[in-house]
Amino acid sequence: MRDILRNKWFKVTVVLIVYLLWTLWVGSWWLLLGVPVIVDVYITRKVHWAFWKKKGVKKQTKLVEWIDALIFAVVAATLIRMFLFEAYTIPTPSMEKSMLVGDYLFVSKVAYGPKLPNTPLAVPFTHHTLPFTTSTKAYSEAVQWPYKRIAGTSEIKRNDIIVFNFPAGDTVIVGSENPDYYSQVRANARNYQQVELSRGNQLSFREAEDKIRGLMKQRMEIISRPVDKRENYIKRGVGMPGDTLQLKDGLLYVNGVAAESPENLQFDYIVKTNGTPLNRTKLKDNVGISYEDIRMLSNAEYNFPLTAEMVTKLKAFPNVTEINRVHDSGVNPDIFPFSADYPWNIDNFGPLYIPKKGDKVELNMKTLPLYERIIGVFEGNKLEVKDSVIYVNGHPADDYTFQMNYYWMMGDNRHRSADSRFWGFVPEDHIVGKAYFIWLSLDKDKSFLGKIRWNRMFRFVH
């Protein structure tokens with residue numbers, strides 16, 4: 001058996017089978033150019049591929065050994081990061097108190113199945129920008145692979161905490177990425193439209209958007225990014241393909257039934273006191289409110305994001321006289337799908353159907369705002385509207401069949417989360433993996449060893 005494992009023909013056969021299966025999965029026949037290389041490495045040995053080593057020398061120098069080890073480490077780490085798991089840091093409080101700012105976790109690629117990278121030519125251990133630069137790409141789009149995913153160990157389930165590529169991150173203003181490009185276009189277009197109307201110029205909102213896009217393109221550096229090089233976001237998957245989702249006064253309903261709320265669900269509250277200020281240290285240590293979340297509205301009034309447990313703790317403070325939850329009312333123009341036909345806000349939203357692969361929806365001027373980005377961007381069709389007639393790939397369309405599954409993501413910090421309510425659906429090809437394991441957690445409000453949240457280390461994510 002040992003002789004068989006050492007046999008060069010056995011080795012090359014195993015490697016070629018694995019490589020050819022991988023080539024078939026990728027679907028790029030250019031990869032077949034690697035077959036002669038594999039054969040030469042194991043059998044013919046005509047080319048000195050390990051050029052950093054001296055040929056015929058058994059004992060290499062320390063430098064060569066280090067280079068050899070480094071190359072192996074880079075290749076191994078890249079494969080692990082691509083197909084098994086990836087490190088991620090919680091940057092914002094949108095998932096508090098379920099996930100805290102400063103949590104360092106591993107994201108499982110195996111859970112939902114690792115996907116083929118769209119842009120395989122990239123600098124190792126980088127995402128989209130080279131270190132110490134603001135806009136230099138860390139990848140090349142010379143080679144683009146289609147979306148494909150290996151079967152995972154589980155399906156995406158409702159309430160999973162999911163890492164995904166930001167759907168609105170396909171277009172980016174360099175140096176001004178937050179809020180996203182589309183939010184900035186809409187905000188500026190509203191202002192521009194009002195100015196023009198005050199001058200007596202009738203201007204539709206779409207015309208205002210087109211004007212603002214043109215001005216921004218002239219004055220700013222605007223770039224595009226492929227799916228796998230968009231920013232990584234982390235939220236809770238609350239809407240699955242085929243669901244109908246609705247928010248009523250901040251409470252989530254799925255398919256007409258009240259959804260199970262996360263244990264650490266947060267809303268904003270107005271907290272009133274008898275005039276005595278609240279102690280910041282006690283708010284931090286006794287209630288769990290970070291310094292960043294302490295918003296003082298007046299000498300006797302505060303605004304905090306709180307869980308039900310935190311509300312109970314605050315009520316025990318002797319100088320607290322009143323605690324009332326914030327309720328969003330009216331129409332919020334920054335809420336998806338950004339249409340007057342849908343007067344929604346962050347607390348009252350829907351009902352909204354979450355697209356499922358193979359399902360068909362009616363397509364008209366009212367439903368178009370809901371699904372136009374899916375049709376035209378995520379699924380790559382040519383979408384046009386002429387005289388209120390919708391054309392898909394040059395043909396009039398009164399319905400549309402979805403080619404992918406879509407998901408609806410929300411943060412547990414409901415009033416302070418930039419989630420699907422602000423930018424819409426998450427396509428299945430944007431799913432990166434499942435938040436799996438916290439290996440370190442640091443509190444930025446503290447110093448030295450006090451920064452370490454020992455109680456959160458080596459914990460599985462639920």
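Residues of the stretch 14-59 being of a type in the set (S, T, Y) and exposed (fewer than 14 other Cβ atoms within 10 Å of the Cβ), which ones?
Passing the criteria: only T44.
Identify all residues within the stretch 349-381 that are basic (K, R) and more than 14 Å from T401 (Cβ to Cβ); write none if there are none.
K366, R373
Would you check if there is a residue in the stretch 60-73 being among the basic types (K, R) and open to solvent by 70 Å² or more (accessible area, probe 1.4 Å)?
The answer is yes; a qualifying residue exists.
Which ones in the stretch 42-87 are touching a residue at least 12 places away in the same chain (Cβ under 8 Å), farther than 23 Å from N118 by Cα and in a helix (DSSP H, G or I)?
Passing the criteria: Y42, I43, V64, I67, D68.
Quick one: would you say F51 is of a type in the set (A, V, I, L, M, F, W, C) and at pLDDT 85 or above?
no
Determine which member of the set V163, V172 is outside any loop (DSSP other than H, G, I, E, B), closer than 16 Å to V461 by Cα and in contact with a strand residue (DSSP E or B) (Cβ under 7 Å, 6 or more places away or on another chain).
V163
Of the residues G250, G275, only one is exposed (fewer than 15 other Cβ atoms within 10 Å of the Cβ) and over 22 Å from the mean Cα position of the chain (by Cα); which?
G275
Determine whether M404 is in a loop (DSSP other than H, G, I, E, B), touching a helix residue (DSSP H, G or I) at 6+ places or on another chain (Cβ under 6 Å) and not charged (D, E, K, R).
yes
Please specify each residue of the stretch 393-452 satisfying the condition of being open to solvent by 10 Å² or more (accessible area, probe 1.4 Å), charged (D, E, K, R) and either in contact with a Pro (Cβ under 7 Å, 6 or more places away or on another chain) or farther than 28 Å from N159 by Cβ (or both).
D398, D399, R416, D445, K446, K451
Assuming A189 fulfils every condition listed in (1) farther than 25 Å from M404 by Cα; (2) open to solvent by 20 Å² or more (accessible area, probe 1.4 Å); (3) not aromatic (F, W, Y) apart from one, which condition is it?
Unmet for A189, out of (1) farther than 25 Å from M404 by Cα; (2) open to solvent by 20 Å² or more (accessible area, probe 1.4 Å); (3) not aromatic (F, W, Y): (2).
Within the stretch 369-406, track down each residue that is more than 23 Å from P226 (Cα to Cα) and touching a residue at least 40 places away in the same chain (Cβ under 8 Å).
Result: Y400, T401.
Mind listing whichever residues of the stretch 133-158 are at pLDDT 90 or above, in contact with a Gly (Cβ under 7 Å, 6 or more places away or on another chain) and either over 19 Å from M404 (Cβ atoms) or surrounded by fewer than 13 Cβ atoms within 10 Å (Cβ to Cβ) (or both)?
P146
Specify the residue that is farthest from I374 (Cα to Cα); the eligible residues are those in the stretch 320-343 that are out of contact with any Gly (no Cβ under 7 Å at 6 or more places or on another chain) and of a type in the set (F, W, Y).
The selected residue is Y342.
Report the residue count in the stretch 5-47 for those that are farther than 21 Å from V143 by Cβ and modelled with pLDDT of 80 or more.
The number of residues fulfilling the criteria is 20.
Does N201 fit the bill of being outside any helix (DSSP H, G or I) and over 30 Å from L24 (Cα atoms)?
yes
Are there any strands (runs of 3 or more DSSP E) wholly within the stretch 355-401 with 3 or more residues that are among the polar types (S, T, N, Q), and if so which?
Result: empty, no element qualifies.
Which pairs have Cβ atoms under 6 Å, sit 6 or more apart or on different chains, and link a residue in the stretch 101-114 that is without any contact (Cβ under 8 Å) to a residue 12 or more places away in the chain to one that is open to solvent by less than 20 Å² (accessible area, probe 1.4 Å) and acidic (D, E)?
none
Within the stretch 81-90, is there a residue that is out of contact with any Leu (no Cβ under 8 Å at 6 or more places or on another chain) and surrounded by fewer than 13 Cβ atoms within 10 Å (Cβ to Cβ)?
no
Taking the stretch 445-459, which residues are assigned to a helix (DSSP H, G or I) and within 26 Å of the chain's Cα centre (by Cα)?
The first filter runs over the stretch 445-459 and keeps only residues assigned to a helix (DSSP H, G or I), leaving 448-451, 454-456.
Of everything in the stretch 445-459, just one residue is assigned to a helix (DSSP H, G or I) and within 26 Å of the chain's Cα centre (by Cα), namely R456.
The values are calculated or read from the model by the stated rules, or taken from the named source; none is laboratory data. For clarity, every value in this text was computed on a predicted model and none was experimentally measured. Here the Cβ is made from the backbone with ideal geometry for all residues, glycine too, and neighbour counts use every protein chain on show. Areas reflect the complete protein model, heavy atoms only, side chains present, ligands, DNA and RNA absent. Shrake-Rupley method; radii C 1.70, N 1.55, O 1.52, S 1.80 Å.
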